[in-house]
Amino acid sequence: MVTGTCFADMGNNVTFIELEEKKVEKINNAMPPIHEERLDELLRKNMERIKATVDYDALENADIIFICVGTPSMEDGSIDLSYIKNTAEKIGEKLKGKWKTVVVKSTVTPGTTEGIVVPILEKISGKKAGRDFGAAMNPEFLREGKAVKDFMNPDRIVLGVMEKKSEKMLRKIYEPFHAPIFITKPSTAEMIKYASNALLATKISFSNEIGNLCKIMGIDTYEVMKAVGMDHRISPHFLNAGAGFGGSCFPKDLRAIVSMAKKKGYEMELLNSVMNVNEKQPLRMINLLEKHIGKLKEKRVAVLGLAFKKGTDDIRDSRAIVVIQELLKREAYVSAYDPLAMENMKKMFGGIEYCSTINDAIKNADACLIMTDWDEFSSINFSIMKKPVVIDGRRVVKDKRGIIYEGICW
Ligand code: UGA
């Protein structure tokens, strides 16, 4: 949605091919099917250049085709390529007439574009990549919630190309974004995506590990990491300690790269540890909770924040899920609140109370856990709780007067 809408904003004609009729209808009515800052405004503005359809015939007029389908995790951590393969087959059937460049934008493990997508396109179309059509890999580095902003202001554009014609076409559509363009091979582009996410996740687990030690030693980890981040070789970003990383990308991408490495005979020790630290981190919230209120059986615990981060309704791999599972296992009553993500969480947990306000969630609660960095959690009146025990997993609470406050790493 973001890629297409932003390209339309740059003057390109964009057709979305989507299998779900409901989403197609929404897009054609200028309503984005996902929550993303500024997307509705941009979609409305560019509707004359945008259309959506379920019909793959629309590919026949395309110059560039972006594959943006999901690549979910499988049991062993490797990625499920079935959507990619199906899409490549459908595209292969339409590789007729003028030159078309097929670009993989989905996050795929190194080797997928050249080793899986191109052979399917060639087999189905009977044509030859590089001679009759183009193929490329162009990873995205967009943060959910800020994806439009990130797309419009990229640090770099990575293009993994196999021939000059596709490079030229892609350079042209990315020219208006005024970002450095990094040209490489498809497999290198695929690895750049994984390496970027793995390093960002490593920064977070590293900060959490330092934070856990700082907590034991009575040192403020935020002060420590602020000074650490002032070193230009490190940068101040992604050094916030807390309940760990969630979302649809970091956990899945780490699992995928570790699992791929294992299949190649290499054990990724550092990234395995990054995942281990992240899995244990939310459980520290439970330990701190028990330290203050003892056994959790039949205690009322409020969980504030269900989304994996602020600004989204996405709960995929959210740290709140791990915490709620643990609370339910210990037979606590859970009252939950999130400004956007409650509908999604309802599909996962039935046995908890979903509250429409923060006050409803914390009223008469024995303790409260803060799992997402929503701004509205910074100044809450906790006096309506049974016991004002607040365990903060995101360092958002500003006013600590009259409460028993405990930060996860501070
Ligand atoms: C991440 C990357 O930041 C994007 O560059 C990438 O394009 C995207 O994955 C993807 O692969 O598609 P996203 O998953 O939207 O983006 O979320 P982030 O803003 O990176 O946050 C991920 C998680 O890390 C959140 O749970 C957040 O709370 C946590 N986090 C982030 C920390 O715990 N500490 C930090 O300092 C930063």
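When both bridge partners sit in the chain, DSSP labels roughly 10% of those beta bridges antiparallel.
Label point 7 Å out from residue 276 along Cα-to-Cβ: which residues of the stretch 72-97 have amide N under 20 Å? From the stretch 72-97, the list is 76-78.
Taking a ≥ b ≥ c as the square roots of the eigenvalues of the Cα gyration tensor, the stretch 1-142 is classed as oblate, since a/c reaches at least 1.5 and a/b does not exceed b/c. Distance between the modelled labels on residue 217 and residue 348, one decimal in nanometres: 3.4 nm (7 Å Cα→Cβ projection).
The calculated 222 nm mean residue ellipticity attributable to helices in the chain amounts to -12000 deg cm²/dmol, summing -39500 (n - 2.57) over DSSP H runs of n ≥ 4 and dividing by all residues. Once both labels are positioned 7 Å from their Cα atoms along Cα-to-Cβ, the gap between residue 195 and residue 298 label points is 5.8 nm. Once the 1.4 Å probe is applied to the protein heavy atoms, the stretch 58-194 comes out at 46 Å² accessible per residue. Atom-type composition of the exposed protein surface of the stretch 1-159 places 46 percent of the accessible area on carbon and sulfur (1.4 angstrom probe).
Highest GNM mean-square fluctuation among 150, 392, 55, for the chain modelled with Cα contacts below 10 Å: 55. Of the peptides 288-300, 97-109, 260-272, the order by per-residue mean of other Cβ atoms within 10 Å, starting with the highest, comes out as 97-109, 288-300, 260-272.
A simple packing score, the average count of other Cβ atoms within 10 Å per residue, orders the peptides 63-73, 157-167 as 157-167, 63-73, with the highest score first.
If I compute solvent accessible area with a 1.4 Å probe over the protein chains, what percent of it on the stretch 213-344 is carbon and sulfur? Please report the intermediate quantities before stating the final value.
Numbers: 3730 of 6630 Å².
Carbon and sulfur: 56 percent of the exposed surface of the stretch 213-344.
A straight chain from residue 48 to residue 123 at 0.36 nm per residue would run longer than the Cα-Cα distance by 23.4 nm.
The values are calculated or read from the model by the stated rules, or taken from the named source; none is laboratory data. Note that the structure is predicted; figures quoted are calculated from it, not measured. Cβ sites come from the backbone with ideal geometry, for glycine too, and all protein chains shown count toward neighbours. Quick note on the areas: whole protein, heavy atoms, side chains included, nothing else; ligands and nucleic acids left out. Shrake-Rupley method; radii C 1.70, N 1.55, O 1.52, S 1.80 Å.
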